[in-house]
Each structure stands twice: as C-alpha cells, then as structure tokens.
Amino acid sequence: MNNKINHIENRKIVIAVTALNAIDSPGPGVAVIRAIRECTDFDVRIIGLSYEALEPGLYMHDLVDKTYQIPYPSAGTDSLLGRLIAIHEVEKLDLIIPNFDAELFNFIKLRDKLKEMGIRTFLPDLDQFEARDKIKLYDFGKKHGLMVPADKVVYEAKDLAKVAEKLNYPLVVKGKFYDAIIANTLEQAQKAFYKIQAKWGLPIIVQEFINGTEINIAALGDGEGNAISIIPMRKLYITDKGKAWAGITLDDNSYIELAKKFIKVTKWRGGCELEVMQTADGKPYIMEVNPRFPAWIYLTAAAGQNQPASLVKMALGEKLKPYTEYAVGKIFIRYAWDLITDIAEFQKISGTGEL
C-alpha cells in the first residue's frame, strides 16, 4: 500500500459511489468502481449509493460490498446529510464519489460538513461547477477563448420561433441536466421542448447545431490548474440516445491541449468530460462540459491512466504528477448482460433501503 494512503489505519478504504444504473443510458458508477478495484495501491470496501431498487450495480456483489438507498436530489441537502450520517455511523466512510450531474450541487454544498465528519470528496467548488453550466457555457467560452456554439436559454415554447430565426435549423434542444434532441422544424423543436421539460424541468437550452465528428475527452484536474490525466476518445457507435456504445482512444495533441486549457482556467478539481464536435475544417467546438466522470471512464484505466484510482489517491492527500503517456487505439465496446438475482434481494432494498 502506498505510504501516503497508509494513514487510513491500515484498514480497507471505504468508498461510497453513486450512479449504479448500468442501463442503455448508463451512469458512470459501475465503471468507476471497476477501475478502482483494479488498482493494487490500496484495498477497498465499496459502498453503493442508489436511488432506484433496480439499478443493476446494486446486485453486482463482486463489485459492490453493500448498498444503501439515498434520497433523490430534489429532497435537498438536509435530507441527504441525514441519510449520509446514518450510513457513516455504520460504514465509517472515507470518501464519496458522486457521479450524477443532478446530485453534484447537493454534495458540493455538503463538502465542508462531510469533511468535518471525516468523509473526503474531490469535487469542484460551486464557482467552478456553475461556470461550465450549460446555461453559462457560451459566455464561459467567450471569456476564455474557447469555441462554443451559440445558444439561447428558453423558458416558454412560444419563444422557440424567435430563437430559430437567430440560430437557424437544425437546432439542438437540451435539458439542463441531460438529453439533447436535434430539431429540423419548429414543430420538432416544440415537441422536444415539452418532452425534455417533462423530464428535467426548466429552463431549456437551444443550441446552434454544429456538424462534425464527435469527440469525448475524459480529464482529471488536481484543483490547482494541473491536468493529471487526459484521454480523448472518438465514438465508434452511438445509440439512439446519443450515448457512446463503442469508442477508441485517439492520438491528437490538440484535444490534450484543449482539455489542459479548460483545467487551467477553471482550476478544476476532480473528473470531468468535454464533449467536443470537430468540424470538417478542424475547429473543435465544446458542446458540453460534464462535471463528473463519463460512463466510459473504465477506458482510461485500460489505456494506462486510471482516472478513478488517481482521484482516490488525490482525495486521500497524495500529490500526483501528470500522466504523459497512454495507449492509443484502445477500443471499448459496451454490451448487455443478463444479471440474475432473487426477489428477496429486490424486496430487501425496496423495503429496508439496504442490501
């Protein structure tokens, strides 16, 4: 075990991880856990934190040692803190790694209280988190010389026609947390507006459509402006929900430099994902910045830069030097697997909130 991590009383490091929904639009949790378990520098006990009783990661007992249900983000920080206190009394948590956009605000707000309890996190602060918000991304790009598509924040469907006059069709209609739908007509834009509003609420972001090649970049910042790890990936297969079902690591220094610039200007702490559209003439537009690890984060471990394990080390106080190499041409291919469990387990998590 690394000496700098040895201060955890020579016991297993207890790490809680959210986003265990390994479905067709998967959360990062299972991939994060898988990467952490592959690291031989520490011994871990993994605590799953779930919102739904049918999140597949709950039942992956080779990856998750125990799972507790936690309140939905909409319940607020007091409800979350109360639940975490109860879990901590039993599990003695060392670290929590949240992986859903919608829950990060609450965890960031609770960061200092969690620290007082002895629970570490490695998250951006509120200013960093809000600076890359979809609603503010265009202004952020202008301020720092980063290319971002023009957009407009919309609260009412009747405003879509006016927005379309400025941005032209096709448009990309986006939710404040998730989902993006391309609209070629006003009717399609209105339909997308109501669909996303029903799921994620207001406001809705309407963004200029950029045609090109989709590139995703997983990056890990140390909170002081240094990028510890950067892995660019090109999507090879995309689902109807726009999710990468297969991808390949790329050898392109321009993406590395783009991510380094983002980490430097934000002093980002923790994992993040830059969603980039590379146009035919070579312009990299930042479409979104996701403030957590992507679902394909295990590819970073396979390519030689284990970002989740590196985050654990930094959260526990270790200073890391930036990675300089990774394996180019590593491909991930996601697949479905029928996980078999018993009704008794489902009843236990549903009834007691624990498994």
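The values are calculated or read from the model by the stated rules, or taken from the named source; none is laboratory data. Every value quoted in this text rests on a predicted model; they were computed, and no experiment measured them. Here the Cβ positions follow ideal geometry from the backbone for every residue, glycine too, while neighbour counts run over all protein chains shown.
Selection of the range 112-131 for residues being crowded, with 18+ Cβ neighbours inside 10 Å and either over 17 Å from the mean Cα position of the chain (by Cα) or of a type outside the set (S, T, N, Q) (or both) yields Leu114, Ile119, Arg120, Phe122, Leu123, Pro124, Phe129, Ala131. In this entry, Ala280 is excluded by the filter for residues that are surrounded by fewer than 18 Cβ atoms within 10 Å (Cβ to Cβ), assigned by TED's automatic domain parsing to the domain that holds Ile15 and of a type outside the set (S, T, N, Q). Checking each residue of the range 205-215 against the condition of being acidic (Asp, Glu), touching a strand residue (DSSP E or B) at 6+ places or on another chain (Cβ under 6 Å) and not assigned by TED's automatic domain parsing to the domain that holds Pro73 gives at least one match. From the list Lys113, Lys134, Lys143, the one residue that fits, being in a helix (DSSP H, G or I), basic (Lys, Arg) and at pLDDT below 95, is Lys143.
Yes/no per residue for (1) touching a strand residue (DSSP E or B) at 6+ places or on another chain (Cβ under 9 Å); (2) among the small types (Gly, Ala, Ser); (3) in contact (Cβ under 8 Å) with a residue 24 or more places away in the chain; (4) assigned by TED's automatic domain parsing to the domain that holds Val17:
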site: Ala302; (1), (2), (3), (4): yes, yes, yes, no
site: Leu311; (1), (2), (3), (4): yes, no, yes, no
site: Gly317; (1), (2), (3), (4): yes, yes, yes, no
site: Tyr323; (1), (2), (3), (4): yes, no, yes, no
site: Ala327; (1), (2), (3), (4): yes, yes, yes, no
site: Lys330; (1), (2), (3), (4): yes, no, yes, no
site: Ile343; (1), (2), (3), (4): no, no, no, yes
site: Phe346; (1), (2), (3), (4): no, no, yes, yes
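May I ask you to verify whether Leu339 is in a loop (DSSP other than H, G, I, E, B), farther than 14 Å from Ala218 by Cα and at pLDDT 95 or above? Spelling it out, it is not the case that Leu339 is in a loop (DSSP other than H, G, I, E, B), farther than 14 Å from Ala218 by Cα and at pLDDT 95 or above.
Checked against the criteria, Arg37 counts as touching a Leu at 6+ places or on another chain (Cβ under 8 Å), of a type outside the set (A, V, I, L, M), modelled with pLDDT of 95 or more and within 30 Å of Ala344 (Cβ to Cβ).
For the range 182-272, the strands (runs of 3 or more DSSP E) that sit wholly inside it and include 2 or more residues that are loosely packed, with under 15 Cβ neighbours inside 10 Å are 227-238. Out of curiosity, is Ile23 buried (at least 18 other Cβ atoms within 10 Å of the Cβ), under 21 Å from Ile349 (Cβ atoms), free of Cβ contacts under 8 Å to residues at least 40 places away in the same chain and within 20 Å of the chain's Cα centre (by Cα)? No: the conditions fail for Ile23.
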